[in-house]
Structure formats: C-alpha cells, structure tokens
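Colleague: Just dropping this structure here.
Coordinate-derived values only; no laboratory data. The structure presented is a predicted model; accordingly, all values stated were derived computationally and were not measured. Virtual Cβ from ideal backbone geometry, glycine too; neighbours counted across all protein chains shown.
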Amino acid sequence: MTAGSRQSSPARQRSDARFWNRMARKYARSPIEDEAGYERSLERTREFLTRDDDVLEIGCGTGSTALRHAPHVRHITGTDISSEMIAIANEKLAEGGPANVDFLVATADDPSFANGAYDTVMAHNILHLVPDLDATLSRIRDALRPGGLLIAKTPCLGDMNPAIRWVMLPAMRAVGKAPPVLCFSGRALREAIGRNGFVVEAVEFHGTRGRDARPFIVARKT
C-alpha cells in the first residue's frame, strides 16, 4: 500500500455515505468559497471538452459542475457516494435541466464504470477523500477510452499549514465535522497519477485568495 492510501471497505463506504448524507443540505446552501477560482477552473475544463465527449464526474456532489458543463459535451454522468447529494442533483435536473445529464449513487472506484466508455473523467475535490488513491486512479484509467483525459482539482493537505493536518482536522473529525482525509502533497499526487498510467499535461493553480494548494491537473491516459 502506498503513502496516501488506505484500505477500502464496505464499512468505510457506509461511514462516508452517512457523513455526506448528513452534510448534503448544508453543503448545498453554502456559497462557493472562491467563486473566481471556480469559474476559472470551469473555463479551463471546457477548453479540453468537445461536443462529442462522454464525460464521467466522480464525487459530483449536488451536480452544479456537471450541469454547467453539460451544454459543451454529448453526455455527462455524475456520481457520488451520498444518496442525499444525488437527490439534490436530481432536484436541480428536474427543474428544467439539460437532457444529456444523469446522476447516480456510486463510489469513486465503482467497477461498473471500468468499461473504457468515457472521453473524460472529472474528479474535483474528491481524490483526497477516497480510501485508496491508487485504486481510484487505476479505476479512472479503466473508465477512459485510449487517450482519454483525467481532469482533477484536489486539495493537497501535504502542502498546507501543518496545523490543518495535525490540529484542525483531528478536532473536526472528533466532533463529526470532517470525514477521513488523505494528506499528500501536490508532487505525491502527480506521482500517483503517473504510476497509474497517465501522462500529466498541465498543472495550474486557479485560486484567487492567498496561497493555493489545490492544483488543477490535466492528465492523459497512456
């Protein structure tokens, strides 16, 4: 098992689902912390998409990003481990959303998507939350067609203030306010992407507030 990985289990999956189900409605009401940075990431992502693309988004949350990209692709499937998050996403879809989007409850490494059917897999704010980073990246590779793209934006806690890792996160977890989190650096993330069959083509930082430790990475399946 590599650094930045933890053993996955049904118990861990159930625990994660319960946490995000509990947080879903509050999460949906919360404003985006860095709106300008988010918009920049949307803009850059669209530069890599075409109207012929089939896209999978893992960890789609309440579906906002998938719905924003839908007009620029053939079809997009958003997945999340939280049934409450997906319920909110489907509520948005029912309010006149585009016909080329669907939302499903699934883990980030669900084997049913390992069919090489997607041109792009998006993984925003999710890779630090999975139980096993390498397993998830391997599954993403399996989901992609030859030459397909992984587009990810990931908080890298290894590049943040150590107090976040050693003080803030443990305290929040103790009171049920934070899920289990993998603590890796941006370099370690890029290395993990590379050893799972990708070539990194772009690394950018879109944050507009202070030091940004959430690299936006575009990597192509080899």
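Colleague: With a 10 Å Cβ neighbour count serving as the proxy for reagent exposure, in which order, fewest first, do LEU189, LEU93 appear?
Modeller: Values: LEU189 25, LEU93 19.
Ranking LEU189, LEU93 by Cβ neighbours within 10 Å, fewest first, gives LEU93, LEU189.
Colleague: While we're looking at this one, here's another question. Which of rounded, prolate or oblate describes the range 76-117 when judged by the alpha-carbon gyration tensor and an a/c cut-off of 1.5?
Modeller: oblate
Colleague: Near LYS92, which lysines are there with a Cα under 22 Å away, not counting those fewer than 8 places off in the same chain?
Modeller: Reachable lysines: LYS26.
Colleague: Rounded to the nearest 0.05, what FRET efficiency is calculated for ASP102 and ARG46 with R0 set to 22 Å and r the Cβ-Cβ distance?
Modeller: 0.65
Colleague: How would you classify the range 173-222 from its alpha-carbon gyration tensor, with a ≥ b ≥ c the square roots of the eigenvalues: rounded for a/c under 1.5, else prolate if a/b is greater than b/c, otherwise oblate?
Modeller: Taking the square roots of the gyration eigenvalues as a ≥ b ≥ c, the range 173-222 is oblate.
Colleague: Please list, ordered by chain and number, the residues whose modelled amide H lies under 5 Å from the amide H of SER185; skip anything fewer than 5 residues away on the same chain.
Modeller: It is GLY158, by chain and number.
Colleague: Further question: Would you list LYS221, LYS177 from fewest to most Cβ contacts within 10 Å?
Modeller: Details: LYS221 20, LYS177 11.
Sorted ascending by nearby Cβ count, the order is LYS177, LYS221.
Colleague: If you count, for each residue, the other Cβ atoms within 10 Å and average over each peptide, how do 160-173, 133-146 line up from highest to lowest? Can you show the working numbers first?
Modeller: Details: 160-173: 12.9, 133-146: 20.6.
Sorting 160-173, 133-146 by mean packing, highest first, produces 133-146, 160-173.
Colleague: Return the sequence-ordered ³J(HN,Hα) values of the range 55-71 in whole Hz as given by the Karplus equation 6.51 cos²θ - 1.76 cosθ + 1.60 applied to θ = phi - 60°, using x for Gly and Pro.
Modeller: 10, 10, 10, 9, x, 6, x, 8, x, 4, 5, 4, 5, 5, 8, 3, x
Colleague: List the equivalent ellipsoid semi-axes of the range 46-133 in whole Å, largest first, each obtained as the square root of 5λ for an eigenvalue λ of the Cα gyration tensor. Each step should come with its number before you reach the end.
Modeller: Values: eigenvalues 70, 55, 24 Å².
Working through the eigenvalues yields semi-axes of 19, 17, 11 Å.
Colleague: In 5 Å bins starting at zero, report the fraction of Cα pairs in the range 123-222 per bin as a rounded %.
Modeller: Answer for the range 123-222: a P(r) of 2, 13, 22, 24, 17, 11, 7, 3, 1 percent.
Colleague: I've got another one for you. May I have the pair-distance distribution P(r) for the chain, computed from all Cα-Cα distances with 10 Å bins from 0 and rounded to whole percent?
Modeller: Taking every Cα pair in the chain, the percentages come to 8, 34, 41, 16, 1.
Colleague: Excluding residues on the same chain fewer than 8 positions from LYS177, give the aspartates and glutamates whose Cα lies under 14 Å from its Cα.
Modeller: Excluding near neighbours in sequence, the set is ASP16.
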